[in-house]
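Take a look at the structure below.
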Amino acid sequence: MAQVHEYDSVIVGAGGAGLRAALEAGKRVKTAVVSKLYPTRSHTGAAQGGMCAALANVEDDSWEWHAFDTVKGSDFLADQDAVDIMCNEAVASVLELERMGLPFNRTPEGKIDQRRFGGHTRDHGEAPVKRACYAADRTGHMILQTLYQQCNKYGVEFYDEFFVLDLLMVDGHCSGIVAYEIATGELHIFHAKAVLFATGGYGKMFKITSNAHTLTGDGPGVVYRKGLPLEDMEFFQFHPTGLYRLGILLSEAARGEGAILRNADGERFMERYAPTIKDLAPRDIVSRAEFFEIKEGRGAGPDKDYLLLDLTDVDPEVVEKKLPDITEFARTYLDVDPLKEGVPIVPTAHYAMGGIPTDVNGQVLANHNGDLVPGFYAAGECACVSVHGANRLGTNSLLDIVVFGRRGGIAMAEYASTHKLLKLPEDTERSVQQWLAAICDGPGEESTYEIRSTLQEEMMDKASVLRTDESLSEALEAIDKLRDRFTRTRVKDTCKIFNTELVEHIELGYLLDMAQALVVSAKARTESRGGHYREDHQMREDDHWLKHSFITKVPEGLPQLAYKDVVMGRYEPVERKY
Amino acid sequence: MDVKLRLLRFNPESDDKPHFENYEVEADPMDRLLDCLHLVKWQKDSSLALRRSCAHGVCGSDAMVVNGVNALACKVLIKDLEQPIVVEPIRGLPLIRDFIVDMEPFFAGYRAVKPWLIVDESQHEPERERLQSPKERERFDDTTKCILCAACTTSCPIFWSDEEYVGPAAIVNAHRFIFDSRDQGSRERLEILSQRDGVFKCRTAFNCTAACPRGIKVTQAIQEVKRAALFQSF
């Protein structure tokens, strides 16, 4: 028998979005945060470079310029009403974090310091602008710590190391979740009036990624299996500077502070791809340029398979003071001193633009017509508002989690305080119990390790920065085989206490679902836009493809696609040049 | 290269006490210890239990005792370790399974020092940011780096013998606020830290500084908090 807990609102995930939502919901209604990890282990803490807001502390700026950059960066797929809200609320959001105690770096006058970041410009693309508020190269760490401190201050209730397995729905309304307590192996039902998912991304489907081992698409996976749609799954961002072989992130702030990307010939190759803002072009463009350089034989190293991030011309004091962590990563993991030589880098799977579709208050959409799911919310990387469209600008993820985490937390609390607790569905946990029993009782002739590493290799080779119909078809076929093999695995560990094999098994299942959704969505989109680049359809096709994809799992066969128009605003799509 | 590992295993459902088991995996000298533990788990014995997430030293999940000293498994490379690599759970916290310990006493110590910004809330909130000079910001920079991995606290001989001691990590997090020019809660925090289980239990063994994977000068921070408590200077 599962334990039952009753709350007004339940938040799943304790990274930046979940904690920010918890602060709002917790002040208004009885709230619990359910998280697979201890909150401070969340991957928000790995974000480095900054959080953009047009504070104009260092240079002239306006939120409208920020909105323009975000829309252009998104390759015009972002919903412009949502972008306006995010960029407008950015200023207040940064100031609020400062008031909570976040230790931003400061200008000589004592104001929050700001620096350059990719794709952020003055006056609609004229030149790079200093817009990113930062704390060395640990901005995400400081946001996560600050929000966790505030949650402790206000006594937010946490259920740490509880893994979400199911969403409870009654007649299309959300009424809670089922979670697995990792420490005991027991099931818990969180019966709630409103639920918010803030479970993060799913970069672990790729071989080279900046993502944590635990980023496996749990939230979107649960939603997808429930028959609800996921939006814009074909758009996955590859960050241009991941440590060679490892994928560990080296912040764009390095280039913001003056670092330069070079190929094997020492050439500053970005001059050819983005003549105006060069190395500070948005990530999709730089990652693609790196793939082309490697493809055309200009990669560095014995296998000509990486590029170099050159910090040797940046003031050593700036490197040590403002980029201490990434300098240490290069030294620790590659034995390379960035002060003396170029750091080997490759594009690394970094951020899911797609996810659980929501409106601007975080409420989840039931379909491409825009109908809402009562009582169900999502925020952060697992959600798709959409403010990032086809390509997210650097720093906008930290902004997204704070702005939409806050809005989602307020909205869910308002919903919870005006609605009654619904009945739980009958046999609430039975399907989960059967599922867990089945995976502990499978034939066990296949290895989850091999399935996971094959998936990661296939996705990297066939569905990453450069894609074709052929490569995506091959990826889809490979995923189908892996899904079939996955049914013949078994969790062999029988211990109930911290059965991490069971957790990893379930995570792999979510990853296989996310990979299928990504590839099916990508195969259908016969154009190139932002992070989705088709070598066989290299142009953006606004007449046909200026729309969001919605993918839904069906009982038999491949998932189905539908489309929703982009919310337009001040900016008409134009050719994207930098 | 072949890597020999000697891992302290404990299954609470079937073992009376922990015991060592030996494993051998094939790895690159530049691989992390965490990579090798994964190879054991994924290829040899799926029941191996450990916590990990980011795998590059920022989330603080995988603190362990590696060849006798505390480290993050994702931040030590095979090339730097003598073999067989002996791995044990961190000490001083109740063992649950393999490398997993009960972190709750550690977080209780953390929460006890009120690790959040304390300001006079009756005052009108400023419209813009509070000003803080780069020098004031620099004053507490070192202790903002803490990732709560518990490597320091569980390397402390005082903490091993006295679980009531708040421990180095809690003091580091108190330091982060005591020396923040914006904070107004130093007196109440120092009062807590001046009690029996507070900062004066420290005997400056320096284990904590050696253990910190973030390079925080933990012992120095503790000494600064002691001075602040003695002389009310912060």
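Here the condition is being of a type in the set (Val, Ile, Thr) and in a helix (DSSP H, G or I); of A:Val402, A:Val465, A:Val387, it holds for A:Val402 alone.
Considering only residues that are of a type in the set (D, E, K, R) and either surrounded by 22 or more Cβ atoms within 10 Å (Cβ to Cβ) or assigned by TED's automatic domain parsing to the domain that holds B:Pro157 (or both), which ones fall in the range B:81-101?
B:Arg97, B:Asp98 - these are the residues of the range B:81-101 that are of a type in the set (D, E, K, R) and either surrounded by 22 or more Cβ atoms within 10 Å (Cβ to Cβ) or assigned by TED's automatic domain parsing to the domain that holds B:Pro157 (or both).
Scanning the range A:436-459 for residues that are hydrophobic (A, V, I, L, M, F, W, C) and surrounded by fewer than 16 Cβ atoms within 10 Å (Cβ to Cβ), we see that the one that is nearest to A:Val178 (Cα to Cα) is A:Ala437.
Filter the range A:320-346 for residues that are farther than 19 Å from A:Gly258 by Cα and not hydroxyl-bearing (Ser, Thr, Tyr); which is surrounded by the fewest Cβ atoms within 10 Å (Cβ to Cβ)? Walk me through how you get there before you give the answer.
Within the range A:320-346, the subset farther than 19 Å from A:Gly258 by Cα is A:331-335.
Subsequent filtering for residues that are not hydroxyl-bearing (Ser, Thr, Tyr) retains A:331, A:334-335.
Details: A:Arg331: 14, A:Leu334: 18, A:Asp335: 10.
Filtering first and then ranking leaves A:Asp335.
Under the condition of being in contact with a helix residue (DSSP H, G or I) (Cβ under 8 Å, 6 or more places away or on another chain), farther than 11 Å from A:Leu399 by Cβ and crowded, with 24+ Cβ neighbours inside 10 Å, the residues counted in the range A:56-72 number 2.
Residues in the range A:137-149 that are within 11 Å of another protein chain (Cβ to nearest Cβ) and either free of Cβ contacts under 8 Å to residues at least 60 places away in the same chain or part of a helix (DSSP H, G or I) (or both): A:Gly140, A:His141, A:Met142, A:Leu144, A:Gln145, A:Thr146, A:Leu147, A:Tyr148, A:Gln149.
Taking the stated definitions as given, is B:Phe107 touching a residue at least 40 places away in the same chain (Cβ under 8 Å), within 30 Å of A:Cys495 (Cβ to Cβ), touching a Lys or Arg at 6+ places or on another chain (Cβ under 9 Å) and at the interface with another protein chain (Cβ under 10 Å from one of its Cβ atoms)? Explain how you work it out, then say what you get.
Working: touching a residue at least 40 places away in the same chain (Cβ under 8 Å): yes; within 30 Å of A:Cys495 (Cβ to Cβ): yes; touching a Lys or Arg at 6+ places or on another chain (Cβ under 9 Å): no; at the interface with another protein chain (Cβ under 10 Å from one of its Cβ atoms): yes.
No, not satisfied.
Looking at the range A:555-573 only, could you name the residues that are modelled with pLDDT of 95 or more and surrounded by fewer than 12 Cβ atoms within 10 Å (Cβ to Cβ)?
Residues of the range A:555-573 modelled with pLDDT of 95 or more: A:559-573.
A:Asp565, A:Arg570, A:Glu572 - these are the residues of the range A:555-573 that are modelled with pLDDT of 95 or more and surrounded by fewer than 12 Cβ atoms within 10 Å (Cβ to Cβ).
From A:Val319, A:Val373, grab the single residue that is more than 14 Å from chain B (Cβ to nearest Cβ), farther than 30 Å from A:Leu466 by Cβ and not in a helix (DSSP H, G or I). Talk me through it step by step, then tell me what you get.
Details: A:Val319 fails: not in a helix (DSSP H, G or I).
Only one candidate passes the filter, namely A:Val373.
Going residue by residue through the range A:525-541, is there one that turns out to be assigned to a helix (DSSP H, G or I) and either buried (at least 16 other Cβ atoms within 10 Å of the Cβ) or in contact (Cβ under 8 Å) with a residue 24 or more places away in the chain (or both)? For the range A:525-541, residues assigned to a helix (DSSP H, G or I) and either buried (at least 16 other Cβ atoms within 10 Å of the Cβ) or in contact (Cβ under 8 Å) with a residue 24 or more places away in the chain (or both): absent.
Might you check whether a residue that is at the interface with chain A (Cβ under 7 Å from one of its Cβ atoms), of a type in the set (S, T, N, Q) and in contact (Cβ under 8 Å) with a residue 40 or more places away in the chain occurs anywhere in the range B:66-86? Working first, answer last.
Here is the first cut: in the range B:66-86, the ones at the interface with chain A (Cβ under 7 Å from one of its Cβ atoms) are B:75.
Of the ones still in play, those that are also of a type in the set (S, T, N, Q) are none.
No - not one qualifying residue is present in the range B:66-86.
State which residue is surrounded by the most Cβ atoms within 10 Å (Cβ to Cβ) when the search covers only the range B:188-205 and only residues that are without any contact (Cβ under 8 Å) to a residue 40 or more places away in the chain and part of a helix (DSSP H, G or I). Step by step, filter the range B:188-205, then rank; the result is B:Val199.
Quick one: would you say A:Tyr134 is surrounded by fewer than 24 Cβ atoms within 10 Å (Cβ to Cβ), within 14 Å of chain B (Cβ to nearest Cβ) and at pLDDT 95 or above? Criteria not met by A:Tyr134.
Of the residues B:Phe177, B:Phe159, only one is modelled with pLDDT of 95 or more, within 9 Å of chain A (Cβ to nearest Cβ), in contact with a Gly (Cβ under 9 Å, 6 or more places away or on another chain) and not in a loop (DSSP other than H, G, I, E, B); which? Steps first, answer last, please.
Working: B:Phe159 fails: within 9 Å of chain A (Cβ to nearest Cβ).
Selected residue: B:Phe177, the only one of B:Phe177, B:Phe159 that is modelled with pLDDT of 95 or more, within 9 Å of chain A (Cβ to nearest Cβ), in contact with a Gly (Cβ under 9 Å, 6 or more places away or on another chain) and not in a loop (DSSP other than H, G, I, E, B).
Taken over the range A:231-279, residues that are part of a strand (DSSP E or B) and over 30 Å from A:Arg525 (Cβ atoms) amount to 3.
One residue stands out among those in the range B:6-54 that are out of contact with any Asp or Glu (no Cβ under 7 Å at 6 or more places or on another chain) and aliphatic (A, V, I, L, M): the one that is surrounded by the fewest Cβ atoms within 10 Å (Cβ to Cβ), which is B:Met30.
Could we say that B:Leu148 is under 22 Å from B:Val69 (Cβ atoms), in a loop (DSSP other than H, G, I, E, B) and within 14 Å of chain A (Cβ to nearest Cβ) here? Give the steps one after another, and end with the answer.
Values: under 22 Å from B:Val69 (Cβ atoms): yes; in a loop (DSSP other than H, G, I, E, B): yes; within 14 Å of chain A (Cβ to nearest Cβ): yes.
Answer is yes for this residue.
Inspect the range A:269-282 for any residue being at pLDDT 95 or above, within 27 Å of B:Asp31 (Cβ to Cβ) and surrounded by 24 or more Cβ atoms within 10 Å (Cβ to Cβ) and give the result as yes or no. For the range A:269-282, residues at pLDDT 95 or above, within 27 Å of B:Asp31 (Cβ to Cβ) and surrounded by 24 or more Cβ atoms within 10 Å (Cβ to Cβ): absent. Across the range B:13-45, which residue is nearest to the other protein chains (Cβ to nearest Cβ) among those that are more than 27 Å from the chain's Cα centre (by Cα) and in a loop (DSSP other than H, G, I, E, B)? Per the criteria, the residue is B:Glu13.
When A:Thr184, A:Thr216 are screened for being of a type outside the set (A, V, I, L, M), out of contact with any Gly (no Cβ under 6 Å at 6 or more places or on another chain), assigned to a loop (DSSP other than H, G, I, E, B) and surrounded by fewer than 24 Cβ atoms within 10 Å (Cβ to Cβ), only A:Thr184 passes. Taken over the range A:175-214, the residue count meeting the criterion of being within 23 Å of B:Gly60 (Cα to Cα), more than 25 Å from the chain's Cα centre (by Cα) and of a type in the set (A, V, I, L, M, F, W, C) is 1. Can you confirm whether A:Ile294 is surrounded by fewer than 23 Cβ atoms within 10 Å (Cβ to Cβ) and within 21 Å of A:Ser464 (Cβ to Cβ)? Answer is yes for this residue.
Evaluating A:Arg262 against the criteria (1) buried (at least 21 other Cβ atoms within 10 Å of the Cβ); (2) at pLDDT 95 or above leaves one unmet condition, (1).
Based on what the data block shows, is B:Ala71 outside any strand (DSSP E or B) and of a type outside the set (Phe, Trp, Tyr)? No; evaluated as a whole, the condition is false for this residue.
Each row is one residue, and each column tells you yes or no for (1) free of Cβ contacts under 8 Å to residues at least 24 places away in the same chain; (2) in a loop (DSSP other than H, G, I, E, B); (3) more than 14 Å from chain B (Cβ to nearest Cβ); (4) over 25 Å from A:Ala179 (Cβ atoms).
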site: A:Arg485; (1), (2), (3), (4): no, no, yes, yes
site: A:Lys492; (1), (2), (3), (4): no, yes, no, no
site: A:Lys496; (1), (2), (3), (4): no, yes, no, no
site: A:His505; (1), (2), (3), (4): no, no, no, no
site: A:Asp513; (1), (2), (3), (4): no, no, yes, no
site: A:Phe550; (1), (2), (3), (4): no, no, yes, yes
site: A:Leu558; (1), (2), (3), (4): no, yes, yes, yes
site: A:Leu561; (1), (2), (3), (4): no, no, yes, yes
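Do you know which residues across the range A:213-242 are aliphatic (A, V, I, L, M) and closer than 21 Å to A:Glu501 by Cβ? Hits for the range A:213-242 are A:Leu215, A:Val222.
From the list A:Ala25, A:Ala32, A:Ala21, A:Ala14, which residue is assigned to a strand (DSSP E or B) and under 30 Å from B:Cys54 (Cα atoms)? Outline the logic, then answer.
Values: A:Ala25 fails: assigned to a strand (DSSP E or B); A:Ala21 fails: assigned to a strand (DSSP E or B); A:Ala14 fails: assigned to a strand (DSSP E or B).
Of the residues listed, the single one that is assigned to a strand (DSSP E or B) and under 30 Å from B:Cys54 (Cα atoms) is A:Ala32.
In the range A:23-55, the residue that is farthest from the other protein chains (Cβ to nearest Cβ) out of those that are crowded, with 24+ Cβ neighbours inside 10 Å and basic (Lys, Arg) is A:Lys36.
The values are calculated or read from the model by the stated rules, or taken from the named source; none is laboratory data. Bear in mind the structure is a predicted one, so any value in this text is a computation, not a measurement. Cβ: placed from backbone, ideal geometry, glycine included. Neighbour counts: every protein chain shown.
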